[in-house]
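Visitor: One structure, as structure tokens, below. Some questions next.
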Amino acid sequence: METGKRISKSNGFPLLPFFLSLRPRQWTKNVVVFAGAFGAGQLFHVVSFARASLGFLIFCGLAGVVYIINDLVDREHDRLHPRKRYRPIASGALPQLWAWCGAAVLLIACLLGSMALGLSFFGLSIAYVVLMLSYSYILKREIFLDVLTISAGFVIRAAAGAALVKATISPWLLVCAALLALFLGFSKRRHELLLLGDQAPIYRAVLQSYTPELLDELIAVVTSSTLVTYSLYTFFGENVPRNHTMMLTIPFVLYAVFRYMLLIHRPDGGGNPDELLLQDRPLLIAIILWAVTAISVLYFAPGA
């Protein structure tokens, strides 16, 4: 409490706590904005890459605003959580007034930037913010809808990225993005149940409706669907080579999914996908190899 009082009396804006409240480690999720340029074969077009990069930054800002509002709404519960209590808002390092003001300024700046990039992108940015705020206030308490909402957020990111480069994104990629998000979301819920035990509903109300057995079944269904959908994309996607060389990326996807499933069954794994991506070397290597192989096939292979 003394730290919170000390910061509240400060005349300066608590820049570092505010930045940390934007959760920069989770910005990797916004890489899906590049899916449109990637799938349309425009990843190395200077203008398309620049627009996708700007879209990535804008969605990092929009996601950060949602994280701040979510932390403001959940601050009392977060103070009881073994890990979340160290977040800037829950700990008092970022006073609520500064958090609201900073979030408002950042939201306006991001929406103005999205408007400058086109009406379609602006509309999808608005839809993303509305959906995620609905999650923060209502949907995160509803079983299944909590994870489905997160999945829809990934689809909106991918569609927004396609709108930036004026490309029609493959429906296969959209479905893959949705299923992958479901896989990660259900995995995180499973980790939270095992980590928090009987006290799980205190920290996240929806956890009282989930059980480890149910989540294991959901993860199994979503995992199978993700792998099948991605495999079909490598054969039938609109912009993949007709010689089916994109199937060379399937082993890396299989390994990455299997590796993640291994991690979520460990007591110290599966909590945050972004942290696992940065910390688990085999998983990171598999993703890098997938990216190198996919780019080679789509852009540099004969007939690409």
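Laboratory data are not the source of any read-out in this text; all were calculated from the coordinates shown. Note that this is a predicted model, so its numbers are computed, not measured. With ideal geometry, Cβ positions are generated from the backbone for all residues, glycine too; neighbour counts draw on all protein chains shown.
Visitor: Could you identify which residue out of 111, 80, 139 has the top mean-square fluctuation in a GNM of the chain using Cα springs shorter than 10 Å?
Guide: 80
Visitor: For segment 18-88, what is Rg from Cα atoms divided by 2.2 N^0.38 Å, rounded to two decimals? Don't jump to the answer; show the numbers that get you there.
Guide: Numbers: Rg = 15.8 Å, N = 71, 2.2 N^0.38 = 11.1 Å.
So segment 18-88 has a normalised radius of gyration of 1.42.
Visitor: Tell me the angle of helix 145-164 to the major Cα principal axis of the chain, expressed in degrees between 0 and 90 and rounded to the nearest ten.
Guide: 60 degrees
Visitor: Assign one of three labels to segment 1-169, namely rounded, prolate or oblate, based on the Cα gyration tensor with a ≥ b ≥ c the square roots of its eigenvalues; rounded applies when a/c is under 1.5, prolate when it is not and a/b is larger than b/c, and oblate otherwise.
Guide: prolate
Visitor: For 107, 119, which order do you get if you count the other beta carbons within 10 Å of each Cβ and list the fewest first?
Guide: 119, 107
Visitor: List the relative contact order of the chain as a percent without decimals, with contacts defined as Cα pairs under 8 Å and 6+ residues apart.
Guide: That works out to 19 percent.
Visitor: On a 0 to 90 degree scale, rounded to 10, what angle separates helix 250-264 from the longest Cα axis of the chain?
Guide: The angle comes out near 20 degrees.
Visitor: Here is a follow-up. Work out from phi, with θ = phi - 60° and the Karplus expression 6.51 cos²θ - 1.76 cosθ + 1.60, the ³J(HN,Hα) of each residue of segment 72-84, listed in order in whole Hz, and give x for Gly and Pro.
Guide: With the stated coefficients, segment 72-84 comes to 5, 5, 9, 4, 5, 5, 4, 5, 9, 7, x, 10, 5 Hz.
Visitor: Against the longest alpha carbon principal axis of the chain, how many degrees, from 0 to 90 and to the nearest 10, is the axis of helix 281-295 turned?
Guide: With both axes taken from Cα atoms, the answer is about 40 degrees.
Visitor: Return the calculated 222 nm mean residue ellipticity for the chain, to the nearest 500 deg cm²/dmol, obtained by summing -39500 (n - 2.57) across DSSP H runs with n ≥ 4 and dividing by the residue count.
Guide: Details: 15 runs with 207 residues, N = 304.
Value at 222 nm, helices only, nearest 500: -22000 deg cm²/dmol.
Visitor: I would also like to ask the following. Run the quick spin-label model on residue 100 and residue 73: label points 7 Å from Cα toward the beta carbon, then report their separation in nm to one decimal.
Guide: 1.6 nm
Visitor: For segment 53-168, give the magnitude of the charge dipole about the Cα centre (Cβ charges: +1 Lys/Arg, -1 Asp/Glu; no others), in debye to the nearest 20.
Guide: Using Cβ point charges on Lys, Arg, Asp and Glu, segment 53-168 gives about 200 debye.
Visitor: Just subtract the alpha-carbon distance of residue 145 and residue 211 from 0.36 nm times their residue separation and send over the number in nm, one decimal.
Guide: Length difference between fully extended and current span is 22.2 nm.
Visitor: Here's a follow-up. Calculate, in nm to one decimal, what residue 235 and residue 26 gain on full extension: separation in residues at 0.36 nm each, minus their alpha carbon distance.
Guide: 72.1 nm
Visitor: Can you give the charge dipole size of segment 170-304 about its Cα centre, rounded to the nearest 20 debye, using +1 on the beta carbon of Lys and Arg and -1 on the beta carbon of Asp and Glu?
Guide: 260 debye
Visitor: About its Cα centre, how strong a charge dipole does the chain have in debye, to the nearest 20, once Lys and Arg get +1 and Asp and Glu get -1 at the Cβ?
Guide: 660 debye
Visitor: While we're on this one: Which residue fluctuates the most in the chain, going by a Gaussian network model with Cα springs under 10 Å, if the choices are 209, 125, 53?
Guide: Highest fluctuation among the options: 209.
Visitor: Further, regarding this structure: Please name which of 123, 249, 171 has its Cα lying farthest along the dipole of the chain towards the positive end, using unit charges on Cβ (Lys, Arg +1; Asp, Glu -1) and the Cα centre as origin.
Guide: Comparing the listed Cα positions along the dipole, 123 ranks first.
Visitor: Tally Lys and Arg at +1 and Asp and Glu at -1 over the other residues with C-beta under 14 Å from the C-beta of residue 45: what net charge comes out? Before the final figure, lay out each step's value.
Guide: Details: positive: 51, 166; negative: none.
Its environment carries a net charge of +2.
Visitor: Comparing 101, 110, 60, which has the greatest mean-square fluctuation in the GNM of the chain with Cα pairs linked when under 10 Å apart?
Guide: 101
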